[in-house]
Amino acid sequence: MKVAVTGAGGMLGKSLVDHISKKKWVNLFAFDSTQLDVTDILQVQSMLSSIKPEIVIHLAAKTDVDECELHPEEAYRVNYLGTRYICYSCSAEDIALVYLSSDMIFDGSKNSPYIETDSPSPQNIYGKTKYAGEKVVELFVKRHYIIRSAWLFGGQHDHKFVRKFLNRVKDRQPLKAAVDLIGSPTYTEDLAAKIVEIIEEGYPWGTYHVVNQGLCSRYEFAQHILTCIKYESAQVEPVPSSFFKLPAPRAGMSALQNYTLTLMNKNDLRPWQDALEQYLKRFKKNI
Ligand SMILES: NC(=O)c1ccc[n+]([C@@H]2O[C@H](COP(=O)([O-])OP(=O)(O)OC[C@H]3O[C@@H](n4cnc5c(N)ncnc54)[C@H](OP(=O)(O)O)[C@@H]3O)[C@@H](O)[C@H]2O)c1
């Protein structure tokens with residue numbers, strides 16, 4: 001099966017490419033941002049019409065939430081318009097599509113983890129652009145998977161919370177983390193494996209939440225990082241999220257539940273603590 005991946009140079013992209021390359025049934029075409037710019041419709045069309053993959057896994061996106069807030073037009077151009085171009089070309093060539101979406105499409109007003117049938121109501125530009133992407137996928141591409149995940153960590157190219165926190169530990173800077181932001185930390189390796197399983201086993205088309213089991217605050221997440229690297233003597237100060245004065249508003253509660261997978265008896269993702277421990281052990285030398 002020919003599989004094309006956009007945004008293959010990113011955090012999840014690297015894990016997915018590693019994982020998928022081991023599969024004998026896949027003929028992989030992976031494109032990083034220098035090889036395929038999804039905001040260029042001619043590039044998108046010529047890539048898809050020349051390769052004619054059976055499925056596209058569309059990961060390319062602007063993912064820095066605060067940068068998206070500061071530069072909304074750029075965020076909409078890549079996350080919405082780029083996705084629209086991918087959808088348009090998939091639809092023209094009858095190609096199936098996997099679209100990666102986010103916990104940030106929800107507003108945080110729920111008291112328990114969000115399931116696939118909850119109504120999106122994004123509160124920041126990044127969330128709005130990802131939700132706009134979901135809508136064009138549903139509108140244009142009949143055979144699609146929308147996979148929502150959250151709070152990713154993993155790989156040598158991690159540039160999100162875990163990496164930023166480890167950098168502060170390394171530089172002996174004060175450690176503070178929000179107690180009122182609740183989410184679902186997820187290992188890119190586990191997410192990549194589930195994406196491949198969904199495609200390989202031909203799960204029914206539609207929307208799936210895919211996160212590691214369990215939820216926590218940023219503060220608990222940070223504390224567990226210190227436990228995993230055996231640096232418990234360091235102290236994390238619990239603070240409200242308002243302390244950080246960031247451009248993009250965050251939903252307090254954005255944890256996801258793999259509800260559809262649970263109903264299908266396919267929710268076998270491990271607890272986030274175990275995944276984090278394995279990740280930090282594996283990449284110990286880079287810490
Ligand atoms: N990180 C999370 O916690 C999280 C949670 C839920 C969902 N997701 C979704 O998962 C997907 C992968 O995210 P990630 O965490 O792997 O983020 P990432 O590391 O930032 O990867 C995104 C990739 O997209 C590329 N890209 C940006 N603009 C592009 C363009 N115009 N054309 C082609 N490629 C472009 C980036 O390349 P450059 O670096 O060269 O710009 C980057 O390599 C995204 O769709 C994201 O929205 C992420």
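The values are calculated or read from the model by the stated rules, or taken from the named source; none is laboratory data. Predicted model, so just to flag it, every value in this text is computed and none were measured. Backbone-built Cβ (ideal geometry, glycine too); neighbour counts: all protein chains shown.
Report those helices (runs of 4 or more DSSP H) wholly inside segment 121-205 carrying at least 1 residues which are touching a Pro at 6+ places or on another chain (Cβ under 6 Å) and not hydrophobic (A, V, I, L, M, F, W, C). Reasoning before the result, please.
On the way: elements: 125-140, 161-170, 188-200.
Passing ranges, in order: 125-140.
Among the residues of segment 5-43, just one is more than 14 Å from I86 (Cβ to Cβ), part of a loop (DSSP other than H, G, I, E, B), within 13 Å of the ligand (Cβ to nearest atom) and among the β-branched types (V, I, T), namely T34. Exactly one of (1) within 18 Å of K62 (Cα to Cα); (2) of a type in the set (A, V, I, L, M, F, W, C); (3) free of Cβ contacts under 8 Å to residues at least 60 places away in the same chain; (4) surrounded by 20 or more Cβ atoms within 10 Å (Cβ to Cβ) is unmet by V141. Its number? Here V141 meets the rest and fails (1). When L181, L191, L139 are checked against the criterion of being hydrophobic (A, V, I, L, M, F, W, C), within 11 Å of the ligand (Cβ to nearest atom) and at pLDDT 95 or above, a single residue qualifies: L191. Has segment 11-25 got at least one residue that is crowded, with 18+ Cβ neighbours inside 10 Å, farther than 21 Å from D190 by Cα and either free of Cβ contacts under 8 Å to residues at least 40 places away in the same chain or among the small types (G, A, S) (or both)? Looking for residues that are crowded, with 18+ Cβ neighbours inside 10 Å, farther than 21 Å from D190 by Cα and either free of Cβ contacts under 8 Å to residues at least 40 places away in the same chain or among the small types (G, A, S) (or both), one finds none in segment 11-25, hence no. Against the conditions (1) in a helix (DSSP H, G or I); (2) crowded, with 16+ Cβ neighbours inside 10 Å; (3) more than 11 Å from the ligand (Cβ to nearest atom), S46 satisfies every one except (2).
Pairs are defined by a Cβ separation below 8 Å, a sequence spacing of at least 6 or placement on different chains, a first member in segment 52-67 that is in contact (Cβ under 8 Å) with a residue 24 or more places away in the chain and assigned to a loop (DSSP other than H, G, I, E, B), and a second member that is of a type in the set (D, E, K, R) and more than 7 Å from the ligand (Cβ to nearest atom); the pairs so defined are K52/K2; K52/E93; P53/K2; E54/K2; K62/E74.
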